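Report on the following structure.
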Amino acid sequence: MRYDSVTEIIGATPLVRIDPAVHGLRNVDLFAKMESFNPFGSVKDRAAWNMTRPLLPGAIERHETIVELSSGNTAKALALIAGMHGLPFKTVTNRMRVPEIKDLLLLLGAEIDELPGQAECLDPTDVDDPLTRMYRTLGEAGGYLHTDQYFNPRNVDAHLEGTGPEIIGDLDGRAPDYFVACVGTAGSSTGVATVLRRHNPQVTVVGLVAGKSDFIPGIRTIDEVHEVGLFDPTTYDTIAAVSADDAIDGLLTLVRRCGMLAGPTGGGAYQGALRYLRSIDDRLTERKSAVFIVCDRVESYMSYLRERRPQLFNRPAVRHSVATVSADEVAGVRQLDTARAQKWIAQSNAVVVDLRGPFAYQSLHIERSINIVDELFAELVRGGLPFGRSQPVLLVCPVGDKSARYAALLTRMGHTDVRSLRGGVIAWRDAGAELVRD
Amino acid sequence: MTAYLTPRVEARLRSLLEQKSLLHELVGALGSPLAVVLPEQVAENVTAFRTVYQRHQLGGEIYFAHKANQSSAIVRELAATDAAVDVASLGELQHALAAGFPSRRIMATGPKNPEFLWLAARTGVLVNADSLDELDSLATLVARYALPRMRVNARLSAFTPPGTRVLTRRSHFGIPAADVTALLDLTEKRSAELDLVGVAYHLDTSALAEKATALEGCLLALGEAHRRGLRPGSIDIGGGFGVNYLTDAAQWQNFTTELTNAVLGRRAPLTWNDHGYGLRNEGGKIRGALNLYPAHRPVAGPDYLDLLLSTAAPLMRRPLGTLLQESMYHLHIEPGRALLDQSGVVLARVMHVRDDGGDTLVGLDLNADDISMEEHGVLMDPIMIATPRSDDDTPVGVFLLGNLCLEADLITRRKVFLPARPHPGDLLAFANTAGYFMDFNATHAAGHPPARKVAVYRHGGTWRWCPDQNYWPIHRHSEAA
């Protein structure tokens, strides 16, 4: 397959059946519309390209900045499209909550403006929320191509012309009986639902929103959907809530059982679809089909998953961990107060290792001490320390607790003369001993 | 349909609210409205913050932001703890000194007139300066009146996070972090008059990420000072730790959803004149943003401080608490609202109850300035203090009217929900209102005197009270007479 531009690859994504042994439904064939196969990685490629394509020649001529309100896939697609056409891209967001996506956008050359958090001291006369102010700036300033994904009908059109007809084509000209989609901009769900209904007015459309206190990237909560210009409640036969937990459960099924590297939105759609279909499966008398959308891929959400399911990332217990040191071992450590430590350093040629961070070390430290920050020291303990077992060492930390635990650990590992500064560098300072910055 | 917002009331305050006859007696004798403070609770709140300091092995002062409540009982009780106080006017400074605070546990902040500054400098109070101009004029004042060298904190602002630009609200306080060099030049030049002991920030935001950026900015500023041989050793991170006002997250979520529906015209109004609290209906779409204090906050007060200290600095990627501790810097905080959590209640007498169209209107003998909940955007239901009646115990939604002859004098524009219809003579208790709601906005409008204030405390198993200005911490510790 040969193309002149990567934008030609957008669309025509595969429709893949979920193994019935995985979903367990008796009367429904469940299909995933794999929007993650788009070249920029998500369902938003279609809307981004459809919204910008007719406006690009003018924008290039006036060298406008493409601007959008997005914290994720739309921003990513627009940043790539802007870059391909030599235009700057800026996104304004209050929800940049996944650090990998922030870093990726910066890598793609995007500029990110973040809206501030809610004021702590409320001003009831301040009727201008930051978003309203932003819209006004865009209107007044000029020089912007604002794609306005939440209100732009070309967002819906992308799915009216692409996604919807593709699904019908792949189901041999028949609309599925059920269509389940997460509601973000409402672009894909509205566009696809419209096409399917035109084909078969009996199709049931299930819209999924996030629980109010929950955060699922790319899905809006039941209150937030009312801010979306493209959202029309009559598009959906049912609107149901999915939780972040549901989304992750669904994601795990898709990645571990189905060979689909789906992100949390796809996971939420799968879990929401399954919950709805299970409630009706027993009552069905004939074979039905259902489609949900896998919006994007899982790799950008590792920190999101780590934060919510740390147990998924468990590693086996590490050798020589300071966490395994017992109170008895710590009690056996030779701890020196400031005066004795000064004397011992002079007599023994001990290496003084300061375990604090480099910022604190550079500000003030004990003369001729070396700085190995605790995190690095923990790795060196496992991987190999830069001194021998007979080398006298004085460990130093802020208050003397951490250094005592490491001294105990090193002693257990066979180091013969590792000691800890009692009370740490704070006691050293309070005793009036010299601290330098050199 | 009811949409309760049940206030969070913890053990001590709950026990007080169960003393119905005592509360009726107090209002009967001292009039409505009546403000009640619980100094013991404030002392307990100090301990909760101190516990977070201990967990992160940090030292530094917990400055009570005096402007949150003018109570003498509270300030005197705090003087008996290890807390400090942050004063924002000459009157507050005099009050703190008279309450027994030594000057090393007082800090002067905010806009300051020359008299305030003179007394602060004379007594050796730490002064928090908002601009280079202010620092310069402080030095001039010290020189001119031969005052002792003044301990100063420099308040910084406009911190830049890595990677993105935060559209932070413009502040009229603080020295831009980019001007640290100019700050250090000035303090070096005026070192005979000024002793720069630390830097500060105070952000009007509840967003953790913005605060983490600011705290790291202060660390970097102190690093710069140390490079020049100066030795400021503390960072003051201001207040804004927040209070959780409601028992139940679901009630808050239900209310905000129903408010959205009401603004869209999909349900009966929940507010007077269908007020949207910042939300607008534009062509069937919600525009604007909810301009309300998040009354249910899962992480507030000491927990919020703990979370901030556990957060990694955006550039240095080490927890902020660890960076402070390793650098041997003191952490100062200025909680107002959070130190007064569960420490007070405002009582008001019901004057009349009437039906108006489909609504029930309850007239109270207090006005919106006596309780300023609407002004501060905090929504919660009052608690009814009445003798149980058998005749009407069905829940009711009512609008609360104040005692000023003004259409705008609604205690809250939200329809509040009560377990039963109130009767004239009943009391409504506005719980957990010691922080900012008691006297911040109180006036003499229409000849109504501001609420009297009493301090209550437990002694020998019973509740005791005295006028706020008569309370001293020895009362609750002394033997029963």
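In table form, for the structure just shown:
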item	result
Which listed residue is small (Gly, Ala, Ser), within 30 Å of B:Tyr293 (Cα to Cα) and free of Cβ contacts under 8 Å to residues at least 40 places away in the same chain, from B:Ala442, B:Ala420	B:Ala420
Filter result for the condition that a residue is on the phi > 0 side of the Ramachandran plot, open to solvent by 40 Å² or more (accessible area, probe 1.4 Å), within 11 Å of chain A (Cβ to nearest Cβ) and in a loop (DSSP other than H, G, I, E, B), over B:Gly242, B:Gly265, B:Gly238, B:Gly229	B:Gly229
Residue match in the stretch B:421-430 (condition: closer than 26 Å to B:Pro39 by Cβ, open to solvent by less than 40 Å² (accessible area, probe 1.4 Å), within 14 Å of another protein chain (Cβ to nearest Cβ) and modelled with pLDDT of 90 or more)	no
The listed residue being outside any loop (DSSP other than H, G, I, E, B) and in contact with a helix residue (DSSP H, G or I) (Cβ under 6 Å, 6 or more places away or on another chain), out of B:Leu259, B:Leu305	B:Leu305
Filter result (modelled with pLDDT of 90 or more, open to solvent by less than 30 Å² (accessible area, probe 1.4 Å) and over 23 Å from the mean Cα position of the chain (by Cα)) within the stretch A:211-243	A:Leu230, A:Phe231, A:Thr235, A:Tyr236
Pairs, first more than 16 Å from A:Ser36 (Cα to Cα) in the stretch A:1-17, second not in a loop (DSSP other than H, G, I, E, B), C-beta under 7 Å, six or more apart	A:Tyr3/A:Ile9
From the options A:Ala360, A:Ala346, residue that is away from chain B (no Cβ under 13 Å) and among the small types (Gly, Ala, Ser)	A:Ala346
The stretch A:89-131, residues that are surrounded by fewer than 16 Cβ atoms within 10 Å (Cβ to Cβ) and modelled with pLDDT of 70 or more	A:Pro99, A:Glu100, A:Asp103, A:Leu106, A:Leu107, A:Gly109
Residue in the stretch A:265-272 that is touching a helix residue (DSSP H, G or I) at 6+ places or on another chain (Cβ under 8 Å), polar (S, T, N, Q), surrounded by fewer than 24 Cβ atoms within 10 Å (Cβ to Cβ) and within 19 Å of A:Ala21 (Cβ to Cβ) present	no
Count - residues of the stretch A:1-59 that are open to solvent by 40 Å² or more (accessible area, probe 1.4 Å) and assigned to a helix (DSSP H, G or I)	12
Test result for B:Ala250, assigned to a helix (DSSP H, G or I), crowded, with 17+ Cβ neighbours inside 10 Å and of a type in the set (Gly, Ala, Ser)	no
Subset tally (residues that are part of a loop (DSSP other than H, G, I, E, B) and in contact (Cβ under 8 Å) with a residue 60 or more places away in the chain) for the stretch B:450-481	5
Where B:Asp86 falls short, out of the listed (1) open to solvent by 30 Å² or more (accessible area, probe 1.4 Å); (2) closer than 20 Å to B:Leu339 by Cα; (3) touching a helix residue (DSSP H, G or I) at 6+ places or on another chain (Cβ under 7 Å)	(1)
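Residues are listed down the side, and each one gets a yes or a no for (1) over 21 Å from B:Ala313 (Cβ atoms); (2) within 14 Å of another protein chain (Cβ to nearest Cβ); (3) at pLDDT 95 or above:
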{"position": "B:Ala120", "(1), (2), (3)": "yes, no, yes"}
{"position": "B:Ile175", "(1), (2), (3)": "no, no, no"}
{"position": "B:Ala192", "(1), (2), (3)": "yes, no, yes"}
{"position": "B:Asp195", "(1), (2), (3)": "yes, no, yes"}
{"position": "B:Tyr201", "(1), (2), (3)": "no, yes, no"}
{"position": "B:Leu208", "(1), (2), (3)": "no, yes, no"}
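The values are calculated or read from the model by the stated rules, or taken from the named source; none is laboratory data. Fair warning: this is a prediction, and the values are worked out from it, not measured in the lab. Cβ coordinates were reconstructed from backbone atoms using ideal geometry, including for glycine residues, and neighbour counts include every protein chain displayed. These accessible areas exclude ligands, DNA and RNA; they are computed on the full protein's heavy atoms, side chains included. Shrake-Rupley method; radii C 1.70, N 1.55, O 1.52, S 1.80 Å.
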